[in-house]
Ligand code: OFO
């Protein structure tokens, strides 16, 4: 059985994962409006990843006899100044999510909840990848410095991303 404190914290985390989904969909819409459909594709795949993250938490609460409680999702930012600013914000957002995962792990450790610890390790590893992929794009955009040819190449590369659901 999951503790009330852990249940509440995971419910709050489900909200953050779904907000991430919503934020990245809003970022995809902005990128599509600029004609950067490859970068928009990257964000649309990220939307699917975030839903996967939320549902994995959902299943965990359910399997441990807890109750999922969904709350309001705040509206995401609509406009950005550039693709560069957008990916920098995405990186910052992932750093915030990593901090939230670490806080969940702190609760699991303080409650000696071994099942939650084992479950959360997956997210700890996943966040390393989440931050790394945003960081890589930020660095590439810095190198390109807004130049047309580089932007086109990166956009084509990001068009290749597909969603591969991780094995549970
Ligand atoms: Fe769910 O990792 Fe991104 O936000």
Quiz item: Just to be sure, is residue 135 farther than 15 Å from residue 39 by Cβ and surrounded by fewer than 11 Cβ atoms within 10 Å (Cβ to Cβ)?
Solution: no
Self-check item: Unique residue being assigned to a loop (DSSP other than H, G, I, E, B), over 18 Å from the mean Cα position of the chain (by Cα) and surrounded by fewer than 18 Cβ atoms within 10 Å (Cβ to Cβ) when the list is 66, 35
Solution: 35
Self-check item: Filter result for the condition that a residue is within 16 Å of the ligand (Cβ to nearest atom) and under 30 Å from residue 113 (Cα atoms), over 74, 56
Solution: 56
Quiz item: Of the residues 96, 57, 87, which single one is loosely packed, with under 13 Cβ neighbours inside 10 Å, touching a helix residue (DSSP H, G or I) at 6+ places or on another chain (Cβ under 9 Å), modelled with pLDDT of 95 or more and part of a helix (DSSP H, G or I)?
Solution: 96
Quiz item: For the stretch 38-48, what are the residues that are surrounded by fewer than 21 Cβ atoms within 10 Å (Cβ to Cβ) and either touching a residue at least 24 places away in the same chain (Cβ under 8 Å) or closer than 22 Å to residue 4 by Cβ (or both)?
Solution: 38, 41, 45, 47, 48
Quiz item: Out of curiosity, is residue 155 in contact (Cβ under 8 Å) with a residue 12 or more places away in the chain and farther than 27 Å from residue 15 by Cβ?
Solution: yes
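The values are calculated or read from the model by the stated rules, or taken from the named source; none is laboratory data. Quantities reported herein were computed from a predicted structural model and do not represent experimental measurements. Here Cβ is always computed from backbone atoms with ideal geometry, including for glycine, and neighbour counts include all displayed protein chains.
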